Amino acid sequence: MEEKGYLHQIHPVLPVWDVVEALDFYVNRLGFRIAFADDAKNPKYAGILRDDVEIHLQWHDKRMWEADINRPMLRIVSQNIEALYNEFSRVDVFHAHTLLRETAWGTREFAFYDPFKNGLTFYRDV
């Protein structure tokens, strides 16, 4: 019998116009740590980790943000959602509409954007 393939993890790549600025945001405000960077001083590609989540950050020309296009939206399954919401509320990353709420689709979640307009939603099933 042929062995079946198995999906193990996903490492999304977020577009950013400044990898150093993105690393600062994700590390110093959201509690990630740097997993790797292609250059220590002027990285164009880097990975960050927090718990079991790994996100990659890739430089793109800032002119790409002049076009009104949708940016990626990540949905990150989380535990202790209330504690995470409280942690992030203390580091001034929320926008005016960020609320911890229960949804009609059975989750408790909150969302905001990083400085590069990439959406981040943290949730757990209710």
Among the residues of the stretch 1-49, write down those that are under 19 Å from F94 (Cα atoms) and not hydrophobic (A, V, I, L, M, F, W, C). E21, D24, Y26, N28, R29, G31
For the stretch 17-37, which residues satisfy the criterion of being part of a helix (DSSP H, G or I), surrounded by fewer than 18 Cβ atoms within 10 Å (Cβ to Cβ) and either in contact with a Leu (Cβ under 7 Å, 6 or more places away or on another chain) or not hydrophobic (A, V, I, L, M, F, W, C) (or both)? E21, D24, N28
At least 1 residues that are surrounded by 15 or more Cβ atoms within 10 Å (Cβ to Cβ) and touching a Ser or Thr at 6+ places or on another chain (Cβ under 6 Å) in each: list the strands (runs of 3 or more DSSP E) lying fully within the stretch 42-114 that qualify. 107-113
Residue count for the stretch 19-57, restricted to those that are among the charged types (D, E, K, R), farther than 22 Å from F122 by Cα and in contact with a helix residue (DSSP H, G or I) (Cβ under 8 Å, 6 or more places away or on another chain): 1
Could you say which residue among I34, I55, I76 is β-branched (V, I, T) and either without any contact (Cβ under 8 Å) to a residue 24 or more places away in the chain or farther than 16 Å from P12 by Cα (or both)? I34
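Values in this text are rule-based calculations from the coordinates and carry no lab data. Fair warning: this is a prediction, and the values are worked out from it, not measured in the lab. Virtual Cβ from ideal backbone geometry, glycine too; neighbours counted across all protein chains shown.
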